[in-house]
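S.K.: The structure that follows is given in the form of structure tokens.
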Amino acid sequence: MRGTVLYAPGDVRVETRDDPRVERPTDAIIRIVAACVCGSDLWPYRGIEPVSGPTPMGHEYVGVVEEVGNQVTTIRPGQFVVGSFAASDNTCEICRAGYQTSCVHREWIGPLGAQAEYLRVPLADGTLVATPDRPAGDVIPGLLAASDVLGTGWFGAVAAEVQPGKTVAVVGDGAVGLLAVLAARHLGAERIIAMSRHADRQKLALEYGATDIVTERGDDGVARIKDLTDGFGAHSVVEAVGTQESMMQAIRATRPGGHVAYVGVAHGVQLPGEELFYSHVHLHGGPAPVRRFLPELVDLVTSRTIDPGRVFDLTLPLDQAAEGYRAMDERRAVKALLRP
Ligand SMILES: [Zn+2]
């Protein structure tokens with residue numbers, strides 16, 4: 001089969017890889033209908049995370065089940081499925097508490113390489129959610145978004161305790177930040193402040209429900225949020241970048257008693273204990289337990305209640321995956337969808 005492989009920073013290729021096969025009785029093999037490039041794929045692509053030899057890429061996927069192992073009971077060949085970027089049994093104590101990305105049997109999908117024609121999904125019964133019918137073509141991008149960026153933005157809004165009447169600020173205007181805006185709107189936030197300095201992303205944020213746009217960053221961005229909230233700061237802030245600056249911006253933009261959710265993969269973030277002590281903010285985040293939200297998100301997308309697929313502004317054949325990485329790296333695209 002064809003699949004993307006990252007060789008070195010800036011060097012991603014589509015080449016022939018071995019067809020995946022059922023290795024354990026709980027596996028499923030799916031034929032990928034759509035996959036995509038994640039903001040987190042750009043960290044190794046940019047050389048910020050080390051690349052140790054040729055690495056299959058991709059952890060966001062929707063597809064059709066081709067084959068299942070003999071212990072798979074609920075997922076069947078022919079079903080259209082969405083899964084999270086982490087495989088989970090969905091039965092252990094941690095999963096049942098809603099933290100499937102810390103499942104005691106967790107396996108990351110990334111190293112298996114979802115930017116490909118086929119994918120082996122471990123723990124198929126716990127990981128995959130089947131759609132009721134074969135979805136129409138126009139909702140497939142939305143279902144693909146549910147696999148990671150929508151689920152991550154949703155977790156951000158939930159972890160930041162977004163509720164009706166609250167003021168929410170979102171730091172980061174990538175796909176996760178934009179979909180955190182959508183989630184905050186769905187959860188009934190009264191005011192949603194999107195922090196963005198890109199006109200096209202501001203436009204989508206407003207369409208997804210943002211009420212205010214703040215273009216300033218760092219301390220100036222914090223000052224703007226305070227201006228907009230009677231000097232208090234937001235009740236809920238979603239941090240969707242993962243840098244020191246964005247994390248401190250999120251903490252400082254939150255009012256005492258408020259909630260910060262951090263869903264951008266942290267790179268080199270160090271929190272000052274004394275400032276944290278006096279900030280009086282709640283902190284919660286981490287790799288989003290997308291699986292917790294998938295059944296609801298699949299329903300919201302297939303019923304066309306929400307349209308998260310609009311974050312994909314570039315669609316390419318799988319063989320042109322390298323252009324998808326380039327376009328996202330150069331910020332010419334928010335998010336690239338790949339069709340095998
Ligand atoms: Zn589990």
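The values are calculated or read from the model by the stated rules, or taken from the named source; none is laboratory data. Bear in mind the structure is a predicted one, so any value in this text is a computation, not a measurement. Cβ atoms come from the backbone with ideal geometry, glycine included; neighbour counts cover every protein chain shown. Note: accessible area is taken over every heavy atom of the protein model, side chains too, but ligands, DNA and RNA are not part of it. Shrake-Rupley method; radii C 1.70, N 1.55, O 1.52, S 1.80 Å.
S.K.: Considering each of Ala250, Ala223 in turn, give the residue that is touching an Asp or Glu at 6+ places or on another chain (Cβ under 6 Å) and within 23 Å of Glu190 (Cα to Cα).
M.R.: Matching residue, one of Ala250, Ala223: Ala250.
S.K.: While we're on this one: Starting from region 216-241, take each residue that is at pLDDT below 95 and assigned to a loop (DSSP other than H, G, I, E, B) and list its partners that are open to solvent by 40 Å² or more (accessible area, probe 1.4 Å) and not hydrophobic (A, V, I, L, M, F, W, C), counting only C-beta distances under 8 angstrom and pairs at least six apart or across chains.
M.R.: Close Cβ pairs satisfying both conditions: Arg217/Arg197; Arg217/Glu245.
Residue-wise test of (1) in contact with a Lys or Arg (Cβ under 8 Å, 6 or more places away or on another chain); (2) over 20 Å from Val65 (Cα atoms).
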site	(1), (2)
Thr91	no, yes
Thr101	yes, yes
Gly110	no, no
Ala114	no, no
Val121	no, no
Leu128	no, no
Pro132	no, no
Ala136	no, no
Val139	yes, no
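S.K.: Kindly evaluate Val104 against the criterion of being modelled with pLDDT of 95 or more and buried (at least 22 other Cβ atoms within 10 Å of the Cβ).
M.R.: So Val104 does not fit the description; no.
S.K.: Sticking with this one: When residues of region 28-59 are filtered for being at pLDDT 95 or above, more than 22 Å from the chain's Cα centre (by Cα) and surrounded by fewer than 22 Cβ atoms within 10 Å (Cβ to Cβ), how many remain?
M.R.: Selection size over region 28-59: 2.
S.K.: Could you look through region 60-75, keep only residues that are surrounded by fewer than 22 Cβ atoms within 10 Å (Cβ to Cβ) and of a type in the set (Ser, Thr, Tyr), and pick out the one that is nearest to Ala336 (Cα to Cα)?
M.R.: Thr74
S.K.: Turning to a different aspect of this structure: Considering region 269-302 alone, what residues qualify as being hydrophobic (A, V, I, L, M, F, W, C) and open to solvent by 50 Å² or more (accessible area, probe 1.4 Å)?
M.R.: Leu271, Leu276, Phe277, Leu283
S.K.: Based on what the data block shows, is Ala189 buried (at least 18 other Cβ atoms within 10 Å of the Cβ) and within 18 Å of Phe312 (Cβ to Cβ)?
M.R.: Considered against the rule, which asks whether it is buried (at least 18 other Cβ atoms within 10 Å of the Cβ) and within 18 Å of Phe312 (Cβ to Cβ), Ala189 comes out as no.
S.K.: Anything in region 27-60 that is part of a loop (DSSP other than H, G, I, E, B), in contact with a strand residue (DSSP E or B) (Cβ under 9 Å, 6 or more places away or on another chain) and aliphatic (A, V, I, L, M)? List them, or say none.
M.R.: Residues satisfying the conditions are Val37, Val51, Met57.
S.K.: Now for a different question. Identify the residue in region 216-252 that is farther than 21 Å from Ala175 by Cα, open to solvent by 60 Å² or more (accessible area, probe 1.4 Å) and not aromatic (Phe, Trp, Tyr) and, among all such residues, is nearest to the chain's Cα centre (by Cα).
M.R.: Among them, the one singled out is Arg252.
S.K.: Something else now. If you check Pro132 against the conditions, is it open to solvent by 40 Å² or more (accessible area, probe 1.4 Å), more than 16 Å from the ligand (Cβ to nearest atom), within 15 Å of Glu296 (Cβ to Cβ) and touching a residue at least 24 places away in the same chain (Cβ under 8 Å)?
M.R.: yes
S.K.: Okay, moving on. Can you tell me which residue among Gly188, Gly98 is within 16 Å of the ligand (Cβ to nearest atom), of a type outside the set (Ser, Thr, Tyr), at positive phi and outside any helix (DSSP H, G or I)?
M.R.: Exactly one of Gly188, Gly98 is within 16 Å of the ligand (Cβ to nearest atom), of a type outside the set (Ser, Thr, Tyr), at positive phi and outside any helix (DSSP H, G or I), namely Gly98.
S.K.: Let me ask another. If you go through region 197-204 one residue at a time, do you hit one that is within 16 Å of the ligand (Cβ to nearest atom), more than 18 Å from Val237 (Cβ to Cβ), of a type in the set (A, V, I, L, M) and surrounded by 19 or more Cβ atoms within 10 Å (Cβ to Cβ)?
M.R.: No, there is no match, as no residue in region 197-204 is within 16 Å of the ligand (Cβ to nearest atom), more than 18 Å from Val237 (Cβ to Cβ), of a type in the set (A, V, I, L, M) and surrounded by 19 or more Cβ atoms within 10 Å (Cβ to Cβ).
S.K.: Step by step: first the residues of region 101-116, then only those that are within 23 Å of Thr16 (Cβ to Cβ) and assigned to a loop (DSSP other than H, G, I, E, B), then the one that is nearest to the ligand (Cβ to nearest atom). Which residue is that?
M.R.: Ile109
S.K.: Further, regarding this structure: On the given criteria, is Gly126 part of a loop (DSSP other than H, G, I, E, B), within 16 Å of the ligand (Cβ to nearest atom) and open to solvent by less than 20 Å² (accessible area, probe 1.4 Å)?
M.R.: Here the answer is no, as Gly126 does not meet what is asked.
S.K.: Are there any pairs with C-beta distances below 7 angstrom linking a residue in region 76-100 that is open to solvent by 30 Å² or more (accessible area, probe 1.4 Å) to a residue that is near the ligand (Cβ under 9 Å from one of its atoms) and polar (S, T, N, Q), with the two at least 6 apart or on different chains, and if so which?
M.R.: What qualifies is Asn90/Gln100; Ile94/Ser102.
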